[in-house]
1. Tell me yes or no: at least one residue of the range B:136-147 is open to solvent by less than 50 Å² (accessible area, probe 1.4 Å), within 30 Å of A:Arg332 (Cα to Cα) and within 14 Å of chain A (Cβ to nearest Cβ).
2. Looking for something surrounded by 15 or more Cβ atoms within 10 Å (Cβ to Cβ) and of a type in the set (D, E, K, R) - is there at least one such residue anywhere in the range A:155-163?
3. Please tell me if B:Ile128 is surrounded by 19 or more Cβ atoms within 10 Å (Cβ to Cβ) and within 14 Å of chain A (Cβ to nearest Cβ).
4. For the range A:354-365, check the following and say yes or no: at least one residue is of a type outside the set (S, T, N, Q) and at pLDDT below 95.
5. Mind checking which pairs have a first residue in the range A:255-279 that is β-branched (Val, Ile, Thr) and a second that is in a helix (DSSP H, G or I), Cβ under 7 Å, 6 or more apart or different chains?
6. Could you tell me whether the range B:289-308 includes any residue that is closer than 24 Å to B:Asn214 by Cα, assigned to a loop (DSSP other than H, G, I, E, B) and touching a residue at least 40 places away in the same chain (Cβ under 8 Å)?
7. Which of the following residues is at pLDDT below 95 and either in contact with a Leu (Cβ under 8 Å, 6 or more places away or on another chain) or not aromatic (Phe, Trp, Tyr) (or both): B:Pro269, B:Pro291?
8. Among the residues of the range A:341-355, which ones are farther than 23 Å from A:Ala503 by Cα and within 13 Å of chain B (Cβ to nearest Cβ)?
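The values are calculated or read from the model by the stated rules, or taken from the named source; none is laboratory data. Everything quoted here is computed from the prediction, not taken from an experiment. FYI the Cβ positions are ideal-geometry reconstructions off the backbone, even for glycines, and counts take in every protein chain you see. What goes into the accessible areas is simple: the full protein's heavy atoms, side chains included, and nothing from ligands, DNA or RNA. Shrake-Rupley method; radii C 1.70, N 1.55, O 1.52, S 1.80 Å.
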Amino acid sequence: MDLKLHIDFCFSAPGGLVIAAGWSPHPRPELVIHAGAASVPPARMMRFPRRDLRSLEPLGYLALFDLSDHPDALDDPSEDVFLALGTEYSRIDGGRLASDGRSLVEIGVDESFYALLRLFASGAAPLPDANLSRRIIGRIQAASALPHEAETHAMGVDRALLAPGGQGVASGWFLPTAATQGDLTALAFDDSQLARVTLAQAATLRTDLEAYSARYAYSGRDGWLAAFRMQTPVSGSARMLVMIPGQMTGSGVLHSLTRSPARGVARALTEARLAMADLGRADALHRATLRPLADGFDTAPPAPETPDAGAPLLLVLDHDLGAPDLRDVLGRVSRATGRAIDLHLLAEALTPDLRDATDGAAREAALPIRLSGCAPQPPEAPAGPALMLFGRSSVLFHLAGRLPGADDAVTGATVLALDPLAGLPGGAGGDMAARFAHDRPPFAAWGDAGWLLAQLGPLLTDTLVPESALRLLASRLAAQGQALIAPADATGFHAGRLGPFAAPLIDALTPHDFDAISARLNDRPTEGTAA
Amino acid sequence: MTRTVIVSHSHPNLRYGGGEVAAYRQFQHMLELGEDVYFTGSTIGPEDSARFFGPAQRVLAFSDRDFCLRGMGMDAFVMEHPRIESEDWVLDFLLAFEGDVYHFHHFWNIGAGTLRRLRAARPDAQLICTLHELTAICANHGQMVKTSGELCYAANEVACAACLGRAPVDFALRRARMVTMLDLFDVLLSPSHFLTRRFEDWGVAPGRIAMIENGLDHTELPPAQTEATLATRSRRFAFFGQATPTKGLDVLIRACAQIEADADELSAPIALDIHGVTAQGFATLWPDLTPPAWVRFRGRYRPQDCVTIMQDYGWIVIPSVWWENSPVVIQEARAAGTPMIASDIGGMAEKTEGWGVQFRAGDPDALASAILSVHDQPLILADHIDRIEPPLDLAGFTQEWRVACAR
């Protein structure tokens, strides 16, 4: 019998990983990779039948070797890399290590390709770079998909939503057969990027599926929930590939992702959280929609000089009060800052009442008040110099006396946070920056508009509420010494309950609350059990 | 000559409330004195306006000095015009008078924004405001009565939020807006010490509000009393007012029911006439209450006849379950020379002190006792009549007004 090790592809992946694909008639081939002084068995080995070998036996393999403990093993060109089965060594040259990944995707047999997808989906190997991702996406789209229902499985997708920023949530159900081994895995993709899907199987009760119990392994708890995050804003059509364990005759079940506002995805995620009994799994699902904290933020450029007294105030306002109250807020801010105001209202639409309130304020104010924009997100950086002031109306109304006057110097960013401890005898000290990040008090913030907005932009897709993105930015700027976070006495402050970000997503949970959960999960990235 | 513009939230040609009546009497009196004075009132809201105005019509001119604006409906919580165009128009109208003095008898239908802009546009004009009730303090119709029916003693954001089911911040904003608005006025007037104290407790600086009673022109002296008239009148009681829940008519009828239960012990017949309310109107509000046969509903009356009608009674009952401020019915009773049985709170307690019989507000037992304590007691009636001082007339009001406003 030919017990030779057949190596079709062998390539390296980031993090000191090597992936080998091929076939072997050996039922348990004891593969070893030799690289430099390291000799390492596979960290993970997948076996599967290959139609090209005309056998139902699992002759195909995909092996993952982890050389991360040997950081130099793959870097020294003078050292050869060998893949060995017993005493049989196959030399892998550096060129193959670099190019075989693309080759597998382009010309590898379907089963090896599908195994590679499972490797990515499981998280055992990092997702490939953009170039290879596009090739993978192209092949997924060209490959045969599995039906939703077959003798081997039945699977439904009830909901699959995707926010413009890349957050996705899905739910469905899965009924395997008694012989099925392994878990569902999934990938989401658009035209140019792949995302690993965190999928919580057996997460929800689905007693409605009992009629299937004669044909499949029905447990009563057959609902799954899934979440993911694409790293960049979505482009083109987007789909989710759910891979059925043991089924390599097709890529998996493909389902289109429905575009939804971020708020809709957050609501669906919140519903998913509520449906899960295990808080750890719920957190893992939520965490799957988040970008790591370090992403999207570099060291801030130095803050420019204070915009001169003649520069306008770009007021980015979350109006959380009644529409007529906008007039009072604008009046107070106008008097306090002594600058002309360009108002950007964080709202879906300018209602007649809001328009009248703005016009009323403009008729009274000593300096011009102009509506420059109305959208749920902050504006782009303005062309000319401007001082940006950001806040909720209720906060600015309360803090008007402490806002910067036209002649006040502004260095970097200034944050005034309504700290309930600030008014207490022993509450003025302590780590205000930490309280600002953790307790999430309402605040007003100001600084050079162009400088702040340029840095804020990349963070806006990470939160439902712009205030949360600005909180994140301010915390990072403070850590770099470019923002001052000061406490303000909260005595007499009452928060507004209106506006686009105060309306509950579900029950009493507002977008602010949702962002607070996201921030907590991002602060503690390892807490919670895997989904 | 100084030009005075008297502005009211309503116009007595269309509605006959205390504030607008006081404002209009002031206007008429100044007009009689030959002063350069204008009056402008307003309709209350869109429905009212539709009855009196044609399309696009903004003002009714009753004379070249007497106007009524088309009210577009103003949320008294916000106290701003619903549309900025309405505010623009009212402001333009007020500015067109080129007044030296603008005397406001309310700010509802005028708007806080209108007042701020008027102040800015005419910095040298004197702005005066007479506070007729507690609207600036209380968003529950300015009555400082909680929606649960309890009397309210002080406003604060959280308590008001609990009372009216709005966010506390709404009340913080409203208070700030009202304080700013009141600060615009050069002179604040109040027709009662009670109202003055409430505003001072709320934050208006002590001494900032001057107290002047509303003027009432009724120069005829009450008729002389005989033993016979005193005996007759001591058995006759009356209520003058509307069938609104805060006027306490239900308290009065419950008290009458108790008196009726012990009617056999009465030394003489008793009668109570309800003026301003019909039996049907009463039954609509309080279908479960059945007044005794000696309670008669007299329906509407002409305001100018009120004092004369009151002179037929021994006692006028004012059983309001809200504070009241300076009810015109008390002045009218004084003009009629008829003493009162009054709730022991607010403006009623203040204005009937010394010549009225007071009972615990909202308590039918106490009211029944008060009525029985004076029923068929001509000597007590005569004693109380003797203690009544005539109300301030319009000449007296104008004199006090000139002092308070330094005019």
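1. Quick first cut of the range B:136-147, residues open to solvent by less than 50 Å² (accessible area, probe 1.4 Å) only: B:136-140, B:142-145.
Now narrow it down to the ones that are within 30 Å of A:Arg332 (Cα to Cα): B:136-140, B:142-144.
Of the ones still in play, those that are also within 14 Å of chain A (Cβ to nearest Cβ) are B:139.
Checked the range B:136-147: at least one residue is open to solvent by less than 50 Å² (accessible area, probe 1.4 Å), within 30 Å of A:Arg332 (Cα to Cα) and within 14 Å of chain A (Cβ to nearest Cβ).
2. Yes, the conditions are met somewhere in the range A:155-163.
3. Numbers: surrounded by 19 or more Cβ atoms within 10 Å (Cβ to Cβ): yes; within 14 Å of chain A (Cβ to nearest Cβ): no.
For B:Ile128, the condition - surrounded by 19 or more Cβ atoms within 10 Å (Cβ to Cβ) and within 14 Å of chain A (Cβ to nearest Cβ) - is not met.
4. Keep residues of the range A:354-365 that are of a type outside the set (S, T, N, Q), which gives A:354-357, A:359-365.
If we keep only those that are at pLDDT below 95 too, we end up with none.
The answer is no; no qualifying residue exists.
5. Listed pairs, sorted by first residue: A:Thr270/A:Phe514.
6. If we filter the range B:289-308 for residues that are closer than 24 Å to B:Asn214 by Cα, which is where we start, we get B:300-308.
With assigned to a loop (DSSP other than H, G, I, E, B) added as a condition, the list becomes B:300-302.
Now drop any that are not touching a residue at least 40 places away in the same chain (Cβ under 8 Å), which leaves B:301.
For the range B:289-308, residues closer than 24 Å to B:Asn214 by Cα, assigned to a loop (DSSP other than H, G, I, E, B) and touching a residue at least 40 places away in the same chain (Cβ under 8 Å): present.
7. Values: B:Pro291 fails: at pLDDT below 95.
On inspection, the qualifying residue turns out to be B:Pro269.
8. From the range A:341-355, those farther than 23 Å from A:Ala503 by Cα are A:341-342; that's our starting set.
Listed by number, the list is empty, since nothing qualifies.
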